[in-house]
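Novice: Let me begin by handing over the structure; questions about it come next.
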Amino acid sequence: VKAEKEEAWFGMPGVYGEPEERRDVPESSGVSSQPEPQVQQQLGRAYGVPWQPPSPTTWHGPADQETSMVTQQHWHLQGLGRSELQAAGLPDAQPGEVAESGPSFLPGSEVGQPCSSSPPGEEVQSWLRAIPPIPDEVVVRQKRAPQGSWKVGTLRHGKRVYTVAISGSTHHVYTCGSGYIRVWDEGALHAGGKVPQAQLDFQDRQDCVVTCKLFPDEQSLITGGASQAVTLWDLAPTPQVRAQLTSTGPTCYSLAVSSDAHICLAGFQGFVEIWDLQNQILIRKHQVPVYASRCVDITGNMFWTGGEDTTLYSWDLRSYQRLHQYDLENEILSITHDPGEEWILAGLRTSDIAFLHTLRNEKFKVVMKKYTRHHSLKFASCGSYFVTAKDACISGLEAPSLQKLFQVEESSGILCCDVSSDNQYLVMGSKSSAIIYQLLY
């Protein structure tokens, strides 16, 4: 009955060519063994023990298999990746790319036929030269999805990397775990064995950071974990603590920052703290079902929570009333949204990915039915693709076609991942280091 209910709710076939049978593994997991016993008890079910897959490869091109295609009736993402012109079959030109020499085409000519119009006269050319250039900052640039990835380096954090962030402007990487945060400059991404640019030690060395978010301007970082506080960091000119926001719960499992960096959500067991970041004031301690706050996210005037109780909830950020709830049938391990804040993606314990429209009653699911201990999702800032990390495998999927772009197999479990805002680098955290991949276009 449960399977029939899920099929009727989503109606989405399996993808990736994964076997349809589900491994006979219980839907819960404990904390992986680690050298920090105090942190182990506090983190509880938040992290499992990564397993050992086959050894990684250095070069990763487009995957051999493709995911099942999703029709536009199911998912029509406005402004994600390919433009409407590209969808119509027109060429995909990149910024600064010079057109190929050949016959020009102007409006009014038949498709595929050269235009016989004479070149513009000197008067017209003089008028065109007088038009001032458009500033780069106002140009809307379409970004293609990557077609492969190349492993460029490893950052030796020394302990488990529970959460990681990478900036697009400076390509600084922030690896977070127990006792400290390490900051790596761009030179360390391509040089093996290089020492970090800085190490930010916690006052209590037993504190552990399990979640972090870069602000949209990438000048600040916010972290949370087993420290009974949410910490704001200034990153420039040198990383330092700006403020510590005292929390009412022992462990913060997830964070979300609004697009204008005014509001932050911090998810604890059974409640969500809503913070005013500008004034550093706790606005509200919002009660949610006890096992529905492991993951949080913000889209516009709504926020979302989900966790072990398998239900995804949406809430009004102004009235704090519950708007909807969706039974996803399996434990929710991660939540992310597309840059346009139109779609919410939920990564499930079974490796499935649920897609829900934030404003319309549209939803579907990518079915994998393969048990996983970790499932991280990250949408690229350009909107043309997202990455999904499951245990020791991370894949890039094009939006909205869901075609598999690349796949990476690591030798140890992947606990977290992030994509730089300029869509050049992919970073993933593991049991003792962070692995850096450059995305190829």
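Novice: Restricting attention to the stretch 321-337, does a residue exist that is part of a strand (DSSP E or B) and modelled with pLDDT under 95?
Specialist: no
Novice: Would you check which residues across the stretch 401-419 are assigned to a strand (DSSP E or B), crowded, with 23+ Cβ neighbours inside 10 Å and not hydrophobic (A, V, I, L, M, F, W, C) and list them?
Specialist: The answer is D418, and nothing else.
Novice: Turning to a different aspect of this structure: What strands (runs of 3 or more DSSP E), lying completely within the stretch 145-247, carry at least 2 residues that are modelled with pLDDT of 95 or more and either closer than 30 Å to E273 by Cβ or among the aromatic types (F, W, Y) (or both)?
Specialist: 163-166, 173-176, 180-184, 198-201, 209-214, 220-225, 229-234, 240-246
Novice: Say we look at the stretch 375-388 and pick out the residues that are open to solvent by less than 10 Å² (accessible area, probe 1.4 Å) and outside any strand (DSSP E or B); which of these is nearest to E331 (Cα to Cα)?
Specialist: A380
Novice: Another question, then. What pairs come up if the first residue lies in the stretch 214-241 and is in contact (Cβ under 8 Å) with a residue 40 or more places away in the chain, the second is among the polar types (S, T, N, Q), and their beta carbons are under 6 Å apart, counting only those six or more places apart or on different chains?
Specialist: If the second residue must be among the polar types (S, T, N, Q), the pairs left are E218/S167; E218/S169; T223/T231; G224/T211; A226/Q42; A226/T251; V230/S247; L235/Q219.
Novice: Would you say Q244 is surrounded by fewer than 22 Cβ atoms within 10 Å (Cβ to Cβ), over 28 Å from E410 (Cβ atoms) and touching a residue at least 60 places away in the same chain (Cβ under 8 Å)?
Specialist: Criteria not met by Q244.
Novice: Taking the options D422, D391, name whichever one is surrounded by fewer than 24 Cβ atoms within 10 Å (Cβ to Cβ) and at pLDDT below 95.
Specialist: D391
Novice: Can you go through E341, E362, E329, E398 and tell me which one is open to solvent by 10 Å² or more (accessible area, probe 1.4 Å) and within 30 Å of I283 (Cβ to Cβ)?
Specialist: E341
Novice: With R284, R294 as the choices, which residue is open to solvent by 10 Å² or more (accessible area, probe 1.4 Å) and within 23 Å of the chain's Cα centre (by Cα)?
Specialist: Just one listed residue meets the conditions, R294.
Novice: Tell me, yes or no, whether the stretch 355-370 has at least one residue that is free of Cβ contacts under 8 Å to residues at least 60 places away in the same chain, among the hydrophobic types (A, V, I, L, M, F, W, C) and assigned to a loop (DSSP other than H, G, I, E, B).
Specialist: Looking for residues that are free of Cβ contacts under 8 Å to residues at least 60 places away in the same chain, among the hydrophobic types (A, V, I, L, M, F, W, C) and assigned to a loop (DSSP other than H, G, I, E, B), one finds at least one in the stretch 355-370, hence yes.
Novice: A261 fails exactly one of the following numbered conditions: (1) small (G, A, S); (2) free of Cβ contacts under 8 Å to residues at least 40 places away in the same chain; (3) surrounded by fewer than 18 Cβ atoms within 10 Å (Cβ to Cβ). What is the number of that condition?
Specialist: Going through the list (1) small (G, A, S); (2) free of Cβ contacts under 8 Å to residues at least 40 places away in the same chain; (3) surrounded by fewer than 18 Cβ atoms within 10 Å (Cβ to Cβ), A261 breaks only (2).
Novice: Right, another one. Yes or no: P216 out of contact with any Ser or Thr (no Cβ under 9 Å at 6 or more places or on another chain), open to solvent by 20 Å² or more (accessible area, probe 1.4 Å), within 16 Å of I166 (Cα to Cα) and not basic (K, R)?
Specialist: no
The values are calculated or read from the model by the stated rules, or taken from the named source; none is laboratory data. If you're wondering where the values come from, they're calculated on a predicted model, not measured in any experiment. In this analysis, Cβ positions are derived from the backbone assuming ideal geometry, glycine residues included, and neighbour counts consider all displayed protein chains. To get the accessible areas, we keep the full protein, side chains included, count just its heavy atoms, and leave off ligands, DNA and RNA. Shrake-Rupley method; radii C 1.70, N 1.55, O 1.52, S 1.80 Å.
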